[in-house]
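Enquirer: Structure provided below as structure tokens; questions to follow.
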Amino acid sequence: MYRPRFVHGVIKPASVKDVARVLEIFDDPGLECGLQAVSTGRNWGLGSREPARDHAVTLDLGGLDEVRALDLDKGWAIVEPGVTQGRLAALLSGTSRMLNVTASSAHTSVVGNGLDRGVGLRRQRVDDIVGLEVVLPGGETVHVGWWPEQDRATPVYAHGLGPSLLPLFLQSDLGVVTAAAVRLLPRPEAQRVLRLAFGRDDLAAAVDTMRRWTAQGLVGGVLKVYDLVSAEFYGGRVGEFLAHVCVDGTERSADAVAEVIAEEAVASGLFTEVALADTDAAPDDVVARMVRGAYAGDPGGNDAMLHATVGQPAEHVDDKGLGWLFFLPLVPFDGESVALAHHLLARIHDETGVRAGCTVNALSSDVIDFVVSVKFQRDTDGTERAHRALDRAYELFAEAGFIPYRLDVDHADWVDRLSPDPAARALARRLKGALDPNGAIAPGRYA
Ligand SMILES: Cc1cc2nc3c(=O)[nH]c(=O)nc-3n(C[C@H](O)[C@H](O)[C@H](O)COP(=O)(O)OP(=O)(O)OC[C@H]3O[C@@H](n4cnc5c(N)ncnc54)[C@H](O)[C@@H]3O)c2cc1C
């Protein structure tokens, strides 16, 4: 439910050679439209497959769907853009490795999500990308970061020597990615997930307590806290706040750490429920099921949650069902900041009548991905109010210093406002001018 852009057409290449040929053809000063690459195009909430601006041609890479190589011992896979997280996770099932999966559909792309700096249950997906195969404007193919060599095995290390080129192609309109080298995480021998509920009055203190556990290394993966509204949106059990805390390691260490957290949670007097979410807990709670599976690298429960959220399976999210918007600011991981962020959501509710949900994803003991979601009916009034709430979220959160790490298609122009140094933005534009003088690639959401 973002404004539909004018798209001239869709090109669906079947091979990397096709992609190179297309980039060669578009490297033409006489062509006024550029290419906008998508992997599976399921960037729901941020504009799905819409380009940021009109007059683009969509380069749909969903047909490049090979898992080119898999090394379970060293922990890497080479995957093309059309490879979904469901498919890669299934290949790893029962092995010593697992994929860092997101909470989105199993039918979303490992490469597309990583390139947009998406967030998995284990960490930010960008940390999983150690190398990229990129086709540049003009058609040249380069490998940046780490890439497997035919005749010798080299350690998996993303930075190489000299200036690191890999980050240039994340959230980027400098090249089209045709494959990625993805880190496969060691699978923990044991996993426990604690569910901790708490009330609004204890929000700040509970967040500070959970921060301490995270800073001290007790928590495995991304600690998640759903508020009442987001739990309701995603079809989960509705309480006030519900945290999911993953603990993993060997059987004995996972049990011991889970026990320490549970004891400390009870002793703090802040939590109204402290429970171990074992396999039988909350069988009807689609959020609890998704979280437990996804921490373990299994997105098998994700599509049930998607259906509960927007009322549609993955293939129909964009044409039917409910409207859905995301706003994704970073917030410091401390009780005061999280309470302030919730206060801003209350203000947006007062001003627009829109109740936004929030899920906290702790990316580290210092930074939270504060996922703001808006669910609405796709009628004129519902859509207009939802977008007004989104605009207010950008304004209020940016004013408080809570700046987003991903943008939607309607707020691409915020990239300049949100960047601390205009000279750095000018440098990015100089790089674009040097690498893509004829505008073969359309300006994206971060241009
Ligand atoms: C219920 C629900 C839960 C969700 N949970 C999560 C979550 O936990 N974490 C999360 O991060 N997101 C989440 N999302 C948002 C979204 O669905 C995912 O981020 C999804 O993975 C993005 O779509 P995609 O994988 O098809 O990527 P695409 O839409 O294909 O790609 C995303 C962007 O990356 C760039 N890009 C893609 N491919 C290329 C390429 N080959 N070369 C150059 N640039 C490229 C483009 O800018 C593109 O717009 C959720 C959405 C819903 C509705």
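Enquirer: Of the numbered conditions (1) surrounded by fewer than 18 Cβ atoms within 10 Å (Cβ to Cβ); (2) touching a Lys or Arg at 6+ places or on another chain (Cβ under 9 Å); (3) more than 26 Å from Val286 (Cβ to Cβ), Thr352 fails exactly one; give the number of that condition.
Expert: (1)
Enquirer: Ok, one more. Got a number for residues in segment 94-135 being within 7 Å of the ligand (Cβ to nearest atom) and assigned to a strand (DSSP E or B)?
Expert: Total meeting the criteria: 2.
Enquirer: Kindly check whether there is at least one residue in segment 359-371 that is hydroxyl-bearing (Ser, Thr, Tyr), closer than 19 Å to Arg388 by Cβ and out of contact with any strand residue (DSSP E or B) (no Cβ under 6 Å at 6 or more places or on another chain).
Expert: Checked against the condition, which is being hydroxyl-bearing (Ser, Thr, Tyr), closer than 19 Å to Arg388 by Cβ and out of contact with any strand residue (DSSP E or B) (no Cβ under 6 Å at 6 or more places or on another chain), segment 359-371 yields no hits at all.
Enquirer: Consider only pairs whose beta carbons are under 9 Å apart and that are at least six residues apart or on different chains; among these, list those whose first residue lies in segment 149-170 and is assigned by TED's automatic domain parsing to the domain that holds Val134 and whose second residue is hydroxyl-bearing (Ser, Thr, Tyr).
Expert: So the pair list comes out as Ala158/Ser164.
Enquirer: For segment 186-197, indicate whether the set of residues that are basic (Lys, Arg) and buried (at least 21 other Cβ atoms within 10 Å of the Cβ) is non-empty.
Expert: The answer is yes, given that some residue of segment 186-197 is basic (Lys, Arg) and buried (at least 21 other Cβ atoms within 10 Å of the Cβ).
Enquirer: Further, regarding this structure: Applying the selection to segment 400-413, what residues are among the acidic types (Asp, Glu) and not in a helix (DSSP H, G or I)? Steps first, answer last, please.
Expert: Start the filter on segment 400-413 by keeping residues that are among the acidic types (Asp, Glu), which leaves 408, 410, 413.
Within segment 400-413, Asp408, Asp413 meet the criteria.
Enquirer: Can you give me the number of residues within segment 356-384 that are of a type in the set (Lys, Arg) and surrounded by fewer than 17 Cβ atoms within 10 Å (Cβ to Cβ)?
Expert: Taking segment 356-384 first, the residues of a type in the set (Lys, Arg) are 375, 378.
Checking which are surrounded by fewer than 17 Cβ atoms within 10 Å (Cβ to Cβ) leaves us with 378.
So the answer is 1.
Enquirer: Moving on. Any residue in segment 414-435 that is within 16 Å of the ligand (Cβ to nearest atom) and assigned to a loop (DSSP other than H, G, I, E, B)?
Expert: no
Enquirer: Restricting to strands (runs of 3 or more DSSP E) lying wholly in segment 137-243: which have 1 or more residues that are out of contact with any Ser or Thr (no Cβ under 8 Å at 6 or more places or on another chain) and not aromatic (Phe, Trp, Tyr)?
Expert: 141-145, 176-183, 190-198
The values are calculated or read from the model by the stated rules, or taken from the named source; none is laboratory data. Just so it is clear, the model here is predicted, and its values are computed rather than measured. Virtual Cβ from ideal backbone geometry, glycine too; neighbours counted across all protein chains shown.
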